[in-house]
1. For the chain, with only Lys/Arg (+1) and Asp/Glu (-1) charged at the beta-carbon, what is the dipole magnitude about the Cα centre, in debye rounded to 20?
2. Please work out which option in (1) 3, 16, 27, 23, 14, 7, 5, 3, 2, 1, 0; (2) 3, 14, 24, 27, 18, 9, 5, 1, 0; (3) 3, 15, 22, 19, 13, 7, 6, 6, 5, 4, 2, 0 gives P(r) over Cα pairs in 5 Å bins from 0, in percent calculated from these coordinates, and answer with its label.
3. Return a single number: how many Lys pairs in the chain, at a sequence separation of 8 or more or on separate chains, have alpha-carbon atoms below 21 angstrom apart.
4. Among Val43, Gly61, Thr9, which residue has its Cα positioned farthest towards the positive end of the charge dipole of the chain, with +1 placed on the Cβ of Lys and Arg, -1 on the Cβ of Asp and Glu, and the dipole taken about the Cα centre?
5. Would you mind telling me which residue in Lys27, Lys58, Lys71 has the biggest mean-square fluctuation in a Gaussian network model of the chain, where springs connect alpha carbons within a distance under 10 angstrom?
6. Using Cα pairs closer than 8 Å and at least 6 residues apart in sequence, work out the relative contact order for segment 29-74, in percent.
7. What share of Cα pairs, in percent, lie more than 16 angstrom apart in segment 29-74?
8. Remind me, relative contact order of the chain in percent, using alpha carbon pairs under 8 angstrom and six or more residues apart?
Amino acid sequence: MSGHSKWATTKHKKAVVDAKRSKLFAKLIKNIEVAARIGGGDVKGDPPLFVAVQRGKKTPGPNDNIDRAVKRGSGVEAGGADWQSIM
């Protein structure tokens with residue numbers, strides 16, 4: 001039983017789902033930035049960047065964030081962090 005406020009239960013469940021989604025999308029954005037930094041900003045000419053962008057588009061998130069991540073990684077837009085790929 002929800003108690004007095006059904007919204008309180010919904011709010012807590014939604015917070016958990018949103019936190020998981022944002023953590024996943026942040027990880028994908030970092031991968032896109034690393035791939036763009038290594039191979040440049042051409043999505044069609046860079047296979048690792050193409051795969052990273054496709055993974056990003058499969059997840060629920062705005063496409064504008066993906067485009068900005070490519071621009072930040074390639075150096076077109078300022079503000080990108082210096083993420084490095086470690087193997």
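1. Values: 17 positive and 8 negative charges, 128 e Å.
Here the size comes out at about 620 debye.
2. Checking each listed value against the structure points to (3).
3. Eligible lysine pairs with Cα atoms under 21 Å apart amount to 25.
4. Thr9
5. Its mean-square fluctuation being the largest, the pick is Lys58.
6. Details: 49 pairs, mean separation 25.4, N = 46.
Value for segment 29-74: 55 percent.
7. Values: 212 of 1035 pairs.
More than 16 Å apart: 20 percent of the Cα pairs in segment 29-74.
8. Working: 71 pairs, mean separation 26.3, N = 87.
Dividing the mean separation by the residue count of the chain yields 30 percent.
Readers should treat all values here as calculations from the given coordinates under stated rules, not as data from a laboratory. None of the values given here were measured: they were computed from a predicted structure. When we count neighbours, we look across all protein chains shown, and the Cβ atoms used for this are built from the backbone with ideal geometry, even at glycine.
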